[in-house]
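The values are calculated or read from the model by the stated rules, or taken from the named source; none is laboratory data. As the structure is a computational prediction, the values presented were derived from the model and not from experiment. Protein only, heavy atoms only, side chains kept; ligands, DNA and RNA dropped before computing areas. Shrake-Rupley method; radii C 1.70, N 1.55, O 1.52, S 1.80 Å.
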Amino acid sequence: GRGLGDEEERGSMSGCTVTENEYTAFAGDTLRIEVTVLDEAGEPLELTGASLVYVLVDTSGTEVLRKTSDDEEITINDNMVIIAIEAGDTSALGGERIYHELQLTDAGGNVSTLVAGWVTFEATEIAS
């Protein structure tokens, strides 16, 4: 199956909500999500001064993970957004289908949802 880190293959986003991305990852794995942010013309979007928030929310609506650029948990490299998920961040999520979302607030205060969809975390037999 596709791992969450494979998102970079389809990661070119235009500032509009992407609602049909669904991924499978293994609970307790270290994951790296890379999203290339482009404007409506397909050009790299300037991210200087932007802030980003990435969340995982379970089916009951409970937030189970939050990463932010303000806390330096999301890296911005030119127009590439990199979210590092540590093994312990997902180790308890085996067998769960989790909603994930990445939101950008640009330097002017404009808010865009870059990624929205579902991740299914497969259980593993080896504890991380």
* **Accessible area (Å², per residue) of region 63-128, counting only protein heavy atoms and a probe of 1.4 Å** => 53
* For region 24-128, which whole-number percentage of the solvent-accessible area (1.4 Å probe, protein heavy atoms only) is attributable to carbon and sulfur atoms? -> 45
